[in-house]
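Working notes, beginning with the structure itself.
The values are calculated or read from the model by the stated rules, or taken from the named source; none is laboratory data. All of these numbers come straight from a predicted model, not from anything done at the bench. Here the Cβ positions follow ideal geometry from the backbone for every residue, glycine too, while neighbour counts run over all protein chains shown.
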Amino acid sequence: MENKFKEKWTLNEVDWHEHVPHHYHVSQIGVGHQDLSPDKHQGPCLRQAYYRIVVPKERDVGSEGNLFVGTTVHEKLQDITKKNVPHSIIEFPLFGKYLHVTYSGSVDIVKFKKKSFLPIKVNVCDIKSASEYTLPKYETDYNPTYFAQVYLYAYILNTFYLVDVFVQDLEIWYVNKHNYATHVITQKYDPKKGKEFFKDFLQRCTELDAHLQTEVLPDKEPMRWCKYCDYRMLCDSDCATEEGINVYTEEEIEKMYMEKTGKSPYWRGNKTKAYYSFKGGFKVEL
Ligand code: SF4
């Protein structure tokens, strides 16, 4: 199928994991959550994206492990798809340019319907590795941010690459990384909604770029996972760098936790629960 936009939209690939200014990955910029309440919004918030570029943190063993497991889960599911639905496209890279920013993303699976008359129908699928905790428990229990991402992928794919296909459904394949149990959530694709998310995405990319150029912090966008955010302390103090921040030791945090809750700081992962709850020096409510 001819791709009229290929040359125009093919840019040098940038490793978005490096978090560099002027180049943003779809999963780096949260969209469509500005009106959601903090208990529904799952980021990433623009301030967090700003911090990741200005105050990059080295990946610890835990995040390296998560990345490894995530990649393994993706490859496993993509291999299974290749065998069972051979006419699917695996890993469809997307690039684009808007004003002075470039953006990228990658569709995990473009699944062509087997018996499809013209226009050819496809589903756009994204794989998410999850834990027992984050795996959806029922049909409406899903992360809205994930669907916004799949919407963006479908819209960019259908507008600039596979312009002649009909995107029917969006699918998120949640995979429990502990036992490979899967849970698929499907939504009908609505191109109007896709366009809205895309406009929001471009607007937020340029907004982040302007914040980086002027060294002004973006507003906070509090959400469910703030208590696990690496930049919680900086964010609470409205600081752009670590200077002047009172960094508590883990022992001090545990003492504060025990004094305020009367409980022992039991372990969760490689830190105590006390660490996650009190790392800013106060109890995190979200
Ligand atoms: S603590 Fe919350 S609001 Fe602040 S940067 Fe992190 S995710 Fe954003």
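What number goes with the only condition from (1) touching a strand residue (DSSP E or B) at 6+ places or on another chain (Cβ under 6 Å); (2) over 20 Å from Asp164 (Cβ atoms); (3) not small (Gly, Ala, Ser) that Pro119 does not pass?
Pro119 satisfies every listed condition except (2).
Among the residues of region 110-123, is any within 17 Å of the chain's Cα centre (by Cα) and in the same structural domain as Asp209 (by TED's automatic domain parsing)?
Narrowing region 110-123 to residues within 17 Å of the chain's Cα centre (by Cα): none.
Within region 110-123, none of the residues are within 17 Å of the chain's Cα centre (by Cα) and in the same structural domain as Asp209 (by TED's automatic domain parsing).
For region 127-148: of the residues being hydroxyl-bearing (Ser, Thr, Tyr) and part of a loop (DSSP other than H, G, I, E, B), which is surrounded by the most Cβ atoms within 10 Å (Cβ to Cβ)?
Only one residue tops the list, namely Tyr142.
Contact list please: Cβ distance under 7 Å, first residue in region 67-79 and over 21 Å from Lys111 (Cβ atoms), second residue charged (D, E, K, R), pairs at least six apart or on different chains.
What qualifies is Val69/Lys177.
Take His41 and tell me if it is modelled with pLDDT of 80 or more and part of a loop (DSSP other than H, G, I, E, B).
The answer is no for His41.
Looking only at region 205-235, which residues are of a type in the set (D, E, K, R), within 14 Å of the ligand (Cβ to nearest atom) and farther than 13 Å from Leu46 by Cα?
Within region 205-235, Arg224, Lys227, Asp230, Arg232 qualify.
Condition (residue is over 15 Å from the mean Cα position of the chain (by Cα), within 16 Å of the ligand (Cβ to nearest atom) and part of a loop (DSSP other than H, G, I, E, B)) applied to region 85-99: is it met by at least one residue?
No, the conditions are met nowhere in region 85-99.
Considering only residues that are of a type in the set (Asp, Glu) and touching a strand residue (DSSP E or B) at 6+ places or on another chain (Cβ under 8 Å), which ones fall in region 122-153?
To start, the set of residues in region 122-153 that are of a type in the set (Asp, Glu) comprises 126, 132, 139, 141.
Of everything in region 122-153, those that are of a type in the set (Asp, Glu) and touching a strand residue (DSSP E or B) at 6+ places or on another chain (Cβ under 8 Å) turn out to be Asp126, Glu132, Glu139.
Do you know which residues across region 178-230 are of a type in the set (Val, Ile, Thr), touching an Asp or Glu at 6+ places or on another chain (Cβ under 8 Å) and exposed (fewer than 15 other Cβ atoms within 10 Å of the Cβ)? Full working, then the answer.
Taking region 178-230 as the starting set, the residues that turn out to be of a type in the set (Val, Ile, Thr) are 182, 184-186, 206, 214, 216.
Narrowing further to those that are touching an Asp or Glu at 6+ places or on another chain (Cβ under 8 Å): 184-186.
Result: Val184, Thr186.
For residues in region 5-27 being touching a helix residue (DSSP H, G or I) at 6+ places or on another chain (Cβ under 7 Å) and modelled with pLDDT under 60, which is farthest from the ligand (Cβ to nearest atom)?
Phe5
Among (1) modelled with pLDDT of 85 or more; (2) part of a helix (DSSP H, G or I); (3) not charged (D, E, K, R), where does Gly30 come up short?
With respect to (1) modelled with pLDDT of 85 or more; (2) part of a helix (DSSP H, G or I); (3) not charged (D, E, K, R), Gly30 is out only on (2).
Of everything in region 74-110 that's surrounded by fewer than 20 Cβ atoms within 10 Å (Cβ to Cβ) and charged (D, E, K, R), which residue is farthest from Tyr174 (Cα to Cα)?
Result: Lys97.
Would you confirm, using the coordinates I've provided, whether Lys192 is of a type outside the set (A, V, I, L, M, F, W, C) and within 16 Å of the ligand (Cβ to nearest atom)?
No, not satisfied.
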